[in-house]
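Following: one structure in structure tokens, then a few remarks.
The values are calculated or read from the model by the stated rules, or taken from the named source; none is laboratory data. The model shown is predicted, which means the values in this text are computed figures rather than measured ones. Here Cβ is always computed from backbone atoms with ideal geometry, including for glycine, and neighbour counts include all displayed protein chains.
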Amino acid sequence: MAQEKGLDLIEVAAKADPPVCKISDFGKFQYQKEKQARQQKAHQKKTGIKGIRIGLATAKHDLEPKIRQAQGFIAKGYKVRIEMILKGREKAFGDLAKQKMEEFKTMLGPDTIIEQPITRQPRGFSMIISK
């Protein structure tokens, strides 16, 4: 029947019993599948990671804008990576840096989830939080 109409026989569901086929133009069928895949990809929700950097010498008052910024990112559905970059002699004060990160975490509030706890990086410390 497909040859008589000048079309192709396309197997739609091979695992069905009996297999399901349709008579159509194969190029058009491929185009529709690709179009559907592009549309599904466009509608996917992508959760990105936003980054906030703090320093060891950053005062508590100066952390407040960064906390508001982090809360805004979390409210929009992003994950937030808080990084503390240590420079020079600051690398010797890892315990103070961890305290500063803990302080930042408590200032964010109890409703945030710590996805990755405070970890030591080559240049400092980082942690990832989300809603």
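Scan the stretch 117-130 residue by residue and report those that are surrounded by 13 or more Cβ atoms within 10 Å (Cβ to Cβ) and either of a type outside the set (Ser, Thr, Tyr) or in a loop (DSSP other than H, G, I, E, B) (or both). Lay out the reasoning, then the answer.
Going residue by residue through the stretch 117-130, those that are surrounded by 13 or more Cβ atoms within 10 Å (Cβ to Cβ) are 118, 124-130.
Listed by number, the residues that qualify are 118, 124, 125, 127, 128, 129.
Would you confirm, using the coordinates I've provided, whether residue 8 is more than 18 Å from residue 127 (Cα to Cα), in contact with a helix residue (DSSP H, G or I) (Cβ under 8 Å, 6 or more places away or on another chain) and of a type outside the set (A, V, I, L, M)? Steps first, please.
Working: more than 18 Å from residue 127 (Cα to Cα): yes; in contact with a helix residue (DSSP H, G or I) (Cβ under 8 Å, 6 or more places away or on another chain): yes; of a type outside the set (A, V, I, L, M): yes.
Criteria met by residue 8.
Please tell me if residue 106 is exposed (fewer than 13 other Cβ atoms within 10 Å of the Cβ), among the polar types (S, T, N, Q), under 25 Å from residue 47 (Cβ atoms) and modelled with pLDDT under 90.
Details: exposed (fewer than 13 other Cβ atoms within 10 Å of the Cβ): yes; among the polar types (S, T, N, Q): yes; under 25 Å from residue 47 (Cβ atoms): yes; modelled with pLDDT under 90: yes.
Yes: the conditions hold for residue 106.
Picking from 76, 91, which residue would you name as being within 14 Å of residue 124 (Cα to Cα) and among the basic types (Lys, Arg)?
Details: 76 fails: within 14 Å of residue 124 (Cα to Cα).
Every option except 91 fails the conditions.
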